[in-house]
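One structure is given below, encoded as structure tokens.
The values are calculated or read from the model by the stated rules, or taken from the named source; none is laboratory data. Every value quoted in this text rests on a predicted model; they were computed, and no experiment measured them. Glycine also receives a Cβ, built like all others from the backbone with ideal geometry; neighbour counts cover every protein chain displayed. Only protein heavy atoms, including side chains, enter the accessible area calculation; ligands, DNA and RNA are left aside. Shrake-Rupley method; radii C 1.70, N 1.55, O 1.52, S 1.80 Å.
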Amino acid sequence: MFDEEEIVELHHERADFLFGIILTLFGLLILRLFYLQFIRGDILYKYSIENRLRSEVVWAPRGKIISRDNEVLVDNRPRFDAVVTRQYLKKKDETFSKLEKVLNLSREELQKKIRKYRGEPAYRPIILKKNLSNKEIALIETQLEKFPGISVQVSISREYLSEEMGAHLYGYISEINSDQLPKYKKRDNYAYNLGDLVGQAGIEKSFDLDLRGQNGREYVEVDALGRKRKYVNTDNFFSGVEAIKSVPGNNLKITIDKELQELAADLLKEKVGSVVAIDVKTGEIITMLSTPSFKPSSFTRGLDKKYWQSLLNNPLRPLYDKTIQEHYSPGSTFKIITALSGLIEEIVTPYTSFHCNGSMKLGNRTYHCWKERGHGDVSLRKAIRESCNVYFQKIALELDIDVLAQYANLLGFGVKTGISLARETSGLMPSRSWKKKTHGTKWNKGETLSCSIGQSFVLTTTLQLANAYAAISNGGKLMKPILVREVIDAKGKVVKTFEPEVIKNINIEDHILREIRSGLYEVVNHEQGTARRFKDKLVKLAGKTGTTQVVSKSKVEHYEKCEDFPYKYRHNAVFAGFAPYDDPKIAIAAIVEHGCNGGLSAGPVVYNLAKRYLEKYHPNLVSKIK
Amino acid sequence: MSLRKKTLKFDFSLIFCMIGLFLIGIFNLYSITEGQSKSYLVSYQIVWFCLSLSIAFGFSFISSNNLLRYSYWIFFFNILLLILVLVLGKVGMGAQRWIGIGPIRIQPSEFMKLSLIFALARWFSEKSPDQSVSLKETLLPLAFVLPPMFLIYKQPDLGTSLILLIIYSFIIFYRGLHWKSIFKVAGLILLAGILMYSFLLKSYQKKRILTFLNPYEDAKDAGYNAIQSEIAIGSGLFWGKGFNKSSQASLNFLPEKHTDFVFSIFSEEHGFFGSVILIILFALLFYRLISIAKDANRIFDSIFVIGVVAIFFSHIFVNIGMVSGILPIVGLPLPFMSYGGSSLLLFGMCIGFVNSISTSRTIF
């Protein structure tokens, strides 16, 4: 047995060996330093003194957005910004006072912009003013020596063609903010920097990852004034410091038809409202418009505060997408859901007839039909055609609200459609449990009667309404609304396609739906129909009008007609329908706020869009020779 | 023995190295942070160093018998702290490496380096220390190494978890592992490394390694940092640009320049000459440490000192290696030079324990 000290002695060889290894590796370090400081020293010295080499981001062009009819809707264009690179900034006061005049900015504003980047490296340029005019560019570029550290930087700005007609769809891009930065880093596993542009709404947001592309990197040499030129690797020292090309973003082919969208904008001009048109077989959205609108390009160009305030303060809420964010009473357009429920539940048959004398009673409350004299004997078709409240309320007497809600849900009411746009609201289809939860009270039958004609709690978005009518027309299949058809890379290769997707199927025999459709056809094409003015043998529009009160009757009863009401008391006008009746292609819903009359205000929007769509995409259906 | 007498027997060359390195470091840190928003770091660093020095002084009086007795307890306590960090990190947001006690943040992973040495030194001093250790005998003590490695890797802190592996390697080498076995183990580690790279590493860690392999290929700033660090060092030439004359420092070309990249600035300002002197100073430290290991009374003490050698060496070599472009940028501080409280305390403890061992050698 060894004693402790002898044991330690046994290890001496290894201890010396370890020391040898350490010295050898230190020698290696010294060798490396020798290489850097002697062999490469002169070149590296030059680089350090002049700070010549700088890496800069090469912005990737963002993908374009292209319409169904192959028109470019959103594109890029160069934008020129005035920037300061603090590293090269000299005679700060003098330079700034000259700059104030050229850029028309106060000293305070200039300093505020710089202060925001206090912790950032001095070689990183800070934007002082975006989107310079030609004159401003010329003033700076021609006298750069007067502005040490100031230069004009090119970046990419978004160009929205006929922007107001698609503002809500396109959304907009703007600089990532400090709240989003950590969230997005995690979400996309991508190292965003402050100043990176990201989609903040609409398609720009939902498809940001597709549109964005990948920024590249470029090495530039800078002279003493901060002017730069591309780095050329003449001495071959930084053997790998070559520019990394940016990868352009993917283009999106969307389902919106530019021409129809423009037509819709024209039809809704000066009105407040929205319209959605859907291909009934695929769920592709052909038109989707909300008015009034805004200018998305102003968000990337450096937002004008006054413009932003005017958008926020406008009572007509231009920033709101009224097709998906706003919900309305569907009014009479909802009656066909009641009819459908009645037929499926066998409360009525197509031949059931009720008598309407202008009102009906439940308990001690009287429910009026809109026609005071009454409709007389009413069949299902006549009820739809002439929008007889009493008929549907008589169905509602036998119909439980939960059953009605169940069918309404199958047609998409009260449920988000899942369209790829943020901030969609789900609307509302009430049920017993819903009322218990939110109001804490029991459901009463009278409310079912109100709901059966699309009033009371029932709320829908324009998109939901159009989608429900699409399902009625295509045999009961509720489609997921599709906004983007294809993602196409810069070389033209399709990288992703979005196929039609059935979200719900109401699964009923088509003859039941056919009864409903016949009723809807008569609304437009029967001499008693509420929308008979759109009777057109070629378009064969079928649909339903709706006129919904926005204030209680007592507030407006002293006026003779709706057009005399104060604007915000006027009724909302709704129209939903599809065409052609016998071979449905397109379903459209339009809501005009305070438009007074569904047929008069919303009707023309739907009719004209349907007509134009058929002429463009199904000319054989509407040609007169046939 | 009286306090005074014992103090007189201190290993002054060891303490001289510590203070000398710190002084160089503090002037360097001053030069780096001067005129910038981080200049307060210099005074913080001085406070930390005083603390570190007192700890070194205090720990010099802990007898190595006590260390031996409590070595496993220290190890397990440290493991608990690591688990706590992980749990707290889960509760809070994202990565967390420290535990806050009042205003002080402690990084248990720093101290794990030392705790591991305690456990390994005890294990290897108790299992037939008179015989060279065989490959088989090195497997069981891996149970000390892998759990903390895993916990620290989870934080995520790849650099520190690799240091644990280096400590382990130094100790089994010291315990006379056969050359043939060494090659086998090296092969195994290589294999493990490859597996880890392909399955375990986070994308940013991979990126760092890739950036190292080809700093010029990276789209983000990491490769650019490596280049800037090389420019800083290379531009120092033989004599350096002089104190406080670094051009790379003032323009923020280097991030983390007060922690990971202190050597780049030192080398820029003091050139090849200064850098070699610094490295010689480090070499002296190792000469002293190895001598203490050789002169130790007991094998436990000796192995412990070798572990400390491993800690210092891995930090110094990896740090200078990475800033000069021969190793990947993993983010390890340079002992006594980089800013950082936890690391200063750790190095102070190391010096204290070793001093205690060195002092006890001459008493009996």
At a 10 angstrom cut-off on C-beta neighbours, averaged per residue, how do the peptides B:162-171, B:348-357, A:462-471, A:532-541 rank from highest to lowest? A:462-471, B:348-357, B:162-171, A:532-541
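Tally Lys and Arg at +1 and Asp and Glu at -1 over the other residues with C-beta under 12 Å from the C-beta of A:V551: what net charge comes out?
With Lys, Arg at +1 and Asp, Glu at -1, the net is +3.
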Across peptide B:316-327, what mean number of C-beta atoms from other chains lies inside 10 Å of a residue's C-beta? 3
In a shell of Cβ-Cβ distance under 14 Å around A:D510, excluding A:D510 itself, what net charge do Lys and Arg (+1) and Asp and Glu (-1) give? -1
Averaging sequence separations of C-alpha pairs under 8 Å and six or more residues apart, then dividing by the length of chain A, give the relative contact order as a whole percent. 13
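My understanding is that a pair violates if its Cα-Cα distance is over 20 Å; which of A:K64/A:K295; A:K101/A:K146; A:K361/A:K436 do that in this structure?
On the way: A:K64/A:K295 17 Å; A:K101/A:K146 13 Å; A:K361/A:K436 25 Å.
With Cα atoms farther than 20 Å apart: A:K361/A:K436.
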Give the ranking of A:V57, A:V605 by solvent-accessible surface, highest area first, calculated with a 1.4 Å probe. A:V57, A:V605
Whole-number D in µm²/s for the stretch A:54-254 (Stokes-Einstein; Kirkwood sum over Cα pairs; 4 °C, 1.567 mPa s): 69
Can you pick out the pairs among A:K271/A:K544; A:K129/A:K245; A:K186/A:K322; A:K113/A:K183; A:K135/A:K491 whose Cα atoms lie more than 29 Å from each other? A:K186/A:K322; A:K135/A:K491
Taking the Cα centroid of the stretch A:13-39 and of the stretch A:583-599, what is the distance between the two, rounded to the nearest whole Å? 83
A chain fully extended from A:S162 to A:K186 at 0.36 nm per residue, minus the present Cα-Cα distance, gains in nm 5.1 nm
What number, rounded to the nearest 500 deg cm²/dmol, is the helix-based mean residue ellipticity at 222 nm of chain B, given -39500 (n - 2.57) per DSSP H run of at least four residues and division by all its residues? -24000 deg cm²/dmol
Below 13 angstrom from the Cβ of B:I303, what's the summed charge of the other residues (Lys, Arg +1; Asp, Glu -1)? +3
Segment A:L362-A:K46, length gained on full extension (0.36 nm per residue, minus Cα span): 104.3 nm
Taking just the alpha carbons, could you work out the radius of gyration and Dmax for the stretch B:3-361, both in angstroms? 20.3, 61
Rg and Dmax [Cα atoms of the stretch A:1-152; Å; Rg one decimal, Dmax integer]: 29.2, 95
Could you pull out every Cys in chain A that lacks a partner Cys with its beta carbon under 4.7 Å away? A:C356, A:C369, A:C388, A:C451
Expressed as an acute angle from 0 to 90° and rounded to the nearest 10, what is the orientation of the C-alpha long axis of helix A:389-398 relative to the principal long axis of chain A? 80
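What ranking do B:272-282, B:314-324 get when scored by the average of other Cβ atoms within 10 Å per residue, highest first?
Going from most to least packed, we get B:314-324, B:272-282.
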Inter-chain shielding of A:23-31 (mean C-beta neighbours from other protein chains, 10 Å cut-off): 5
From other protein chains only, count the Cβ atoms within 10 Å of every residue's Cβ in A:377-383, then give the mean. 0
With a 1.4 Å probe and all protein chains kept in place, how do A:V348, A:V495 rank by accessible area, largest first? A:V495, A:V348
Projected onto the charge dipole of the protein assembly as shown (unit charges on the beta-carbon of Lys, Arg, Asp and Glu, signs +1, +1, -1, -1), the Cα from A:N314, B:G242, A:I30 with the largest positive-side position is that of A:N314
The stretch A:476-610, relative contact order in percent, only Cα pairs under 8 angstrom and at least six apart counted: 18
